[in-house]
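Since the structure comes first, as structure tokens, the remarks are kept for the end.
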Amino acid sequence: KFSGIIYAQLANSEKLAQYLIALKILEIIKNISMAPFYSKIPLLSKYYAQNKMDNWASLAKNRIFSSNLLLIFGILFFGFFGSTIFEKISSNIVFPSLLLWYMLATAKFFHRLGAMHTQLYMTSNKVNSHISDTISGLIFLSSSVLLYNQYGIYSFAIGMLLAYLGFYIWYSMFYSYQIINNSILKFEFHVTLLPLSFLLITQYLHLLCH
């Protein structure tokens, strides 16, 4: 949201509208995809307090996977049909460019994954989100502004990717894996790596054919 305020000072109204539309749709998709995971946080906290870590890990994996699938479905649905939908419902509002949509959506995927790992760590009654949010926010803002003259509207998507993939997700995982009784590869392979690979490959092929 704050990026929209900054971008409003730099871009024309048409490009700003497309950028804000992309963020709004992604926010809706994110909120829907949160449900499977966030609805189980009280139970995850209970399992942690009872030291039922096998139950904790099993539930966490299942719910992260479900959340990832919902997010990916929403991203790809609008990637394939967003332009058509907007043409049908409005002649004034244009769906964002496919490259911008997929860049912002991929950044959102990494942000959601990092946020879920932050919540896993917080089931231990410890909090570190203020650090991850502050530092990743600074990375995003500084990189977006510095890259704007060269990449225009895409600089904000690049800034998000640098902030989330470059810091936010790894910081979150560093702490969550202090309580996850699994290796990163074993825990994330089916839960995250396979869905993410499917998302990235599908996006790439769609952009290639577009």
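The values are calculated or read from the model by the stated rules, or taken from the named source; none is laboratory data. Here the structure is a predicted model, which is why all the values come from computation and not from measurement. For neighbour counting, all protein chains shown are included, and Cβ atoms are generated from backbone atoms with ideal geometry for every residue, glycine included. Heads up: the accessible areas ignore ligands, DNA and RNA and are worked out on the full protein's heavy atoms, side chains in. Shrake-Rupley method; radii C 1.70, N 1.55, O 1.52, S 1.80 Å.
Structure above, values below:
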quantity	calculated
Of the criteria (1) surrounded by 16 or more Cβ atoms within 10 Å (Cβ to Cβ); (2) farther than 20 Å from Phe78 by Cα; (3) touching a residue at least 12 places away in the same chain (Cβ under 8 Å), which one Asn181 fails	(1)
Test set (1) in contact (Cβ under 8 Å) with a residue 12 or more places away in the chain; (2) part of a helix (DSSP H, G or I); (3) under 19 Å from the mean Cα position of the chain (by Cα) - Tyr48 fails condition number	(3)
Breaking point among (1) modelled with pLDDT under 95; (2) surrounded by fewer than 21 Cβ atoms within 10 Å (Cβ to Cβ), for Leu200	(1)
Selection from segment 49-78 of residues that are surrounded by fewer than 20 Cβ atoms within 10 Å (Cβ to Cβ), closer than 19 Å to Tyr177 by Cα and not polar (S, T, N, Q)	Ala49, Lys52, Met53, Asp54, Ala57, Leu59, Lys61, Phe65
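This table checks each residue for (1) open to solvent by 10 Å² or more (accessible area, probe 1.4 Å); (2) hydrophobic (A, V, I, L, M, F, W, C); (3) closer than 26 Å to Ile184 by Cβ; (4) touching a helix residue (DSSP H, G or I) at 6+ places or on another chain (Cβ under 9 Å).
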site: Ala107; (1), (2), (3), (4): no, yes, yes, yes
site: Met116; (1), (2), (3), (4): no, yes, yes, yes
site: Gly137; (1), (2), (3), (4): yes, no, yes, yes
site: Phe140; (1), (2), (3), (4): yes, yes, yes, yes
site: Val145; (1), (2), (3), (4): yes, yes, no, yes
site: Gln150; (1), (2), (3), (4): yes, no, no, no
